[in-house]
Amino acid sequence: MSYHEMFTELFLGYIALFIVVKINGKTQITQITPFDLISSLVLGNILGDGIYDKEANLPKILFSIFVWGALIFFTEVLTQKSMWARKFLEGDASVVIKHGAIQWKELKRNRLDTDQLMQLLRAKDTFAVSEVAYAILENDGTISVLKKSNFDTPTKQDLKIQMEKEFLPVVVISDGKIIKRALNSLKKDEKWVHKKLSESNLSLKQVCFAEWDSKQLHLHTY
């Protein structure tokens, strides 16, 4: 196989994979379930194996990619329409700690030992089983933890602190450049940015990143 043929197969295979992943959605990227992980691996291997297989030509590679992509798409539609198919293909979340007690049968069913359970809990800033009311092992292998009330972090509502309206921070400067689209969403202009910069005795060339949190423009210099 010549370099030109390899380039053509790689380029067109890249486009085909991109189309398939875009059609099948973000689950192919995040790999929410074991099935998503397997389907993503197979999809990539089809292209990789096809390039170095002398009997595989470009039409066969593209055919394999789109047939596999169609099967994934059909499976995703099936799991959305059928509860039985969803349970069979994606599995169920498992309650591994209930009312503060470890559910040994669920650990065994999921082939999870206590060391692995503790590692998953520590990833959720929980260092003792005694702190946990419920722990659920999700389909993607992560764990969701509901702490007991005396170990849970108090909220503003618990402390009777006046709550403020949520605001998603907006990146105004990135890599030293003003993001005009962000300014439009804030109904601001570049003069406003330069005014904020001058208040901090900075110029645009000195700033690599800045975000607005509804109260303050947080600046990060080079």
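The values are calculated or read from the model by the stated rules, or taken from the named source; none is laboratory data. Here the structure is a predicted model, which means the values were calculated and not measured. Note that we place each Cβ from the backbone using ideal geometry, even for glycine, and neighbour counts take in every protein chain shown. Heavy atoms of the whole protein, side chains included, go into the accessibility calculation; ligands, DNA and RNA do not. Shrake-Rupley method; radii C 1.70, N 1.55, O 1.52, S 1.80 Å.
Working only within the range 46-66, note down all residues that are modelled with pLDDT of 75 or more and surrounded by 12 or more Cβ atoms within 10 Å (Cβ to Cβ).
Of the residues in the range 46-66, the ones modelled with pLDDT of 75 or more are 59-66.
Lys60, Ile61, Leu62, Phe63, Ser64, Ile65, Phe66, listed by residue number.
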Please verify whether Gly13 is modelled with pLDDT of 70 or more, part of a helix (DSSP H, G or I), buried (at least 17 other Cβ atoms within 10 Å of the Cβ) and out of contact with any Pro (no Cβ under 6 Å at 6 or more places or on another chain), treating the condition exactly as stated.
yes
Hey, could you check the range 85-104 for residues that are at pLDDT 80 or above and of a type outside the set (Val, Ile, Thr) and say which is most open to solvent (accessible area, probe 1.4 Å)?
Trp104
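If the requirement is being of a type in the set (A, V, I, L, M) and touching a Ser or Thr at 6+ places or on another chain (Cβ under 8 Å), which of these qualifies: Leu186, Leu202? Show your work before the answer.
Working: Leu186 fails: touching a Ser or Thr at 6+ places or on another chain (Cβ under 8 Å).
Going through Leu186, Leu202 in turn, just one is of a type in the set (A, V, I, L, M) and touching a Ser or Thr at 6+ places or on another chain (Cβ under 8 Å): Leu202.
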Selected residue (criterion: nearest to the chain's Cα centre (by Cα)) from residues of the range 124-153 that are under 17 Å from Ile102 (Cα atoms) and of a type in the set (Val, Ile, Thr):
Thr142
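Going by the structure shown, is Ser174 small (Gly, Ala, Ser), free of Cβ contacts under 8 Å to residues at least 12 places away in the same chain and either at positive phi or exposed (fewer than 15 other Cβ atoms within 10 Å of the Cβ) (or both)?
On the way: small (Gly, Ala, Ser): yes; free of Cβ contacts under 8 Å to residues at least 12 places away in the same chain: no; either at positive phi or exposed (fewer than 15 other Cβ atoms within 10 Å of the Cβ) (or both): yes.
No; evaluated as a whole, the condition is false for this residue.
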Anything in the range 91-126 that is touching a residue at least 40 places away in the same chain (Cβ under 8 Å), closer than 27 Å to Thr79 by Cβ and out of contact with any Asp or Glu (no Cβ under 6 Å at 6 or more places or on another chain)? List them, or say none.
Gly91, Asp92, Val95
